[in-house]
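The structure under discussion appears below in the form of structure tokens.
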């Protein structure tokens, strides 16, 4: 969440930030009023409590009617203190709820607008001209069937729509990508981790996934645990309620399954394994200072580009518009790989700077020479498995239904994936 001092010192900047996101600035007005009510309630309670304490000191010294009057006054004051305490708690809870609903103010460098108002920062690689090569490319589902790489029909039978089995070379390809991605990140200075797929409500709320994205989350009501949609959640909560000592940045990379309801996406990208309820992912996560977070954001993007270059995929980098950033990020870069049969670029990785927003909610601080301050957090998807597999199959396909793999994967699977059907 934001620093509450900003709300008091410069509420207009927060109203403008809401407008840039396409959100109502009225939330800021509600917050200002709630903050004033909260501080008034605190002052009222403290005055009543102080008077109650002072009165308590007089009673032992009083006698007769004076003592009876003081006791009666104490009874009235006790009721007043109880009411004031209740009002303080209620106003505090309302302020906290509204504060957690306020998104992180976006970077002035992020383009303003909605989902389609992104800015293309660069394009790398050249999409293949399949027509010039003399054949019509197959989509990933047909390729997967030929290669025996995945089984969507039985995924639906066992688990329902948008589930799947990776089989044969499909499973081997995911394992190869996982090993390669984790190894590369370790070379870049990240500590490899495997994180829990179930987290407590505070972890999910602290990372901002119970606000705008709440409908996309799986909740196990009996246990009050959430299935993560990304290992970002567990990694952000890893140092919750801690003061980090020593040098930053602290960099972690995690492999985890991810679960998403894909609420609001019904009828979109339903063919194959492009938009699914479960997938595996390798995610990078960083704790650093606010001042260093912007440079670290560029570094995360650089590593993601290097990864896609190594996979020999044509891609572009976009600067995501303010209305599509989610609750926590001030700026987000997406890397989108070219998908031949869709004739467009689709997101395969991203890098987000969340500044101090998540760390304030999770109480993660850094010790500095000037005292303790909230940490800044960043996250970057290195490899979302299904979409990366789709991009590799479609871009690497040959006229005979085989698939040529990039050189970095040859040690794991060889150069060519041969069709089995």
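Read-outs throughout are calculated quantities, based only on the coordinates presented, and are distinct from any laboratory measurement. The shown structure was predicted, so the numbers you read here are calculated from the model rather than taken from an experiment. Here the Cβ is made from the backbone with ideal geometry for all residues, glycine too, and neighbour counts use every protein chain on show.
When each of the peptides 404-413, 246-255 is scored by how many other beta carbons lie within 10 Å of its residues on average, the order from highest to lowest is 246-255, 404-413. For the range 272-395, the direction-averaged projected area of the alpha-carbon convex hull comes to 8.6 nm². The alpha carbon centroids of the range 360-386 and the range 172-233 are separated by 15 Å. In terms of the mean number of neighbouring beta-carbon atoms within 10 Å, the peptides 119-125, 322-328 order highest first as 322-328, 119-125. Derived from the Cα gyration tensor, the three semi-axes of the equivalent ellipsoid of the range 246-335 are 26, 17, 16 Å, largest first. Determine the relative contact order of the chain: mean sequence separation of Cα pairs under 8 Å and six or more apart, normalised by residue count, in whole percent. Averaging sequence separation for qualifying contacts and normalising by length gives 20 percent for the chain.
Report note on the peptides 173-183, 107-117: ranked by the mean count of other C-beta atoms within 10 Å, highest first, their order is 173-183, 107-117. Can you tell me what share of the DSSP beta bridges in the range 119-417 is antiparallel? A percent to the nearest 5 is fine. Restricted to the range 119-417, the bridges split so that about 90 percent are antiparallel. Of the options [x] 169; [y] 185; [z] 161, only one is volume of the Cα convex hull per residue in Å³ as computed from these coordinates, and that is [x]. Convex hull of alpha carbon positions in the range 174-262: directionally averaged projected area 7.0 nm². In the chain, helical runs assigned H by DSSP with n ≥ 4 each contribute -39500 (n - 2.57); averaged across all residues and rounded to the nearest 500, the mean residue ellipticity at 222 nm is -13500 deg cm²/dmol.
Considering the range 325-418 at the alpha-carbon level, its Rg and Dmax are found to be 19.8, 65 Å.
Among 303, 338, a tally of other beta-carbon atoms within 10 Å of each Cβ gives an order, fewest to most, of 303, 338.
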